[in-house]
Amino acid sequence: MSLRAMHSGTGHSPISALALLIVTLLYLGLMLSVAPEALARLLWFALYPIVMAPVAGEDYGHIFCRSLVVLPFVLLIGIFNPIYQTEPAFTVSGVIVSRGWVTFVSIVVRTLLSVQALLILVDSVGFVGLCQSLHRIGVPSVLTTQLMMVYRYMTVLLQESLDMTRARQARGYRGGSMSLSMWGSYCGQLFLRTVARSERVHRAMLARGFDGVIPVLKENKTWSGRDTAAVIVIASIFILFRWGPLPALFALG
């Protein structure tokens, strides 16, 4: 997704940005609180991104593929679980599955579902809408402002890096990769250029009346009855997933 799309969101969310943020936080809290061994119960939470993505105007297949970017990191975190947790958990067709494999799959599922829920939130309400909602639920303005600044000037950092790369190529370094010593100099110069640029930006913001809070964060949108009903219904479903007497999606044991 482009930065412009992330800024404004798709606008297809049936509820407000604040309501969707609360729903997402409830989802993450209850889903992550499921015991690692309760894999059958954890799988019920996979229904939320599958259902919510098309409701919010997103393609779940696209959301799922984007969430796979964290898979290599998750595999490195949980791959040793089957080695150290060898006690049996259940059997499938006579094959004993150890507790380590159950917790390993649980870590993968939790991470993918968390990333998918966050992608749906950001894609639906945009980064600005997310920061506004965080500000409304009590997150200090210094944090929301920092998030907005990091997001807004991410492209400035990329542009500085691109300018340095073009300058390097213009001086005859067209072929081959940079050596380790050149990378050190490159990163150091990029840091100095970034600090200098940030000081100029900050002075320009102060000259325009910046008081520590980005004006867009001061917007206050009303909470509708639809938001209240949606949060209550969805929260009830999450509670059912977490503690309700639900049948297992797959027969484990």
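Among the helices (runs of 4 or more DSSP H) confined to region 42-81, the ones with at least 3 residues that are closer than 15 Å to Phe104 by Cα and out of contact with any Cys (no Cβ under 8 Å at 6 or more places or on another chain) are located at 71-78.
In region 121-149, the residues that are touching a residue at least 60 places away in the same chain (Cβ under 8 Å) reach residues that are part of a loop (DSSP other than H, G, I, E, B) and charged (D, E, K, R) with C-beta atoms within less than 7 angstrom, at least six apart or across chains, in these pairs: Asp123/Glu58; Gln132/Glu219.
Quick one: which helices (runs of 4 or more DSSP H) lie wholly within region 86-198 and hold at least 3 residues that are assigned by TED's automatic domain parsing to the domain that holds Val55 and of a type in the set (Gly, Ala, Ser)?
Fully inside region 86-198 and qualifying: 99-136.
For the structure I just gave you, tell me whether Ser16 is at pLDDT 85 or above, touching a Pro at 6+ places or on another chain (Cβ under 7 Å), among the polar types (S, T, N, Q) and closer than 29 Å to Ile237 by Cβ. Considered against the rule, which asks whether it is at pLDDT 85 or above, touching a Pro at 6+ places or on another chain (Cβ under 7 Å), among the polar types (S, T, N, Q) and closer than 29 Å to Ile237 by Cβ, Ser16 comes out as no. Residue-level analysis places Gly78 among those that are more than 26 Å from Thr144 (Cα to Cα) and not charged (D, E, K, R).
Taking the condition under 25 Å from Ile234 (Cα atoms), hydrophobic (A, V, I, L, M, F, W, C), under 15 Å from the mean Cα position of the chain (by Cα) and not assigned by TED's automatic domain parsing to the domain that holds Glu199, does Ile50 pass?
Answer is no for this residue.
If you go through region 83-118 and pick out every residue that is closer than 16 Å to Ile15 by Cα and either in contact with a helix residue (DSSP H, G or I) (Cβ under 6 Å, 6 or more places away or on another chain) or surrounded by 19 or more Cβ atoms within 10 Å (Cβ to Cβ) (or both), you end up with 1.
The values are calculated or read from the model by the stated rules, or taken from the named source; none is laboratory data. Since this is a predicted model, take the numbers as computed values, not measurements. Every residue, glycine as well, gets a Cβ built from its backbone with ideal geometry; the counts of neighbours run over all protein chains shown.
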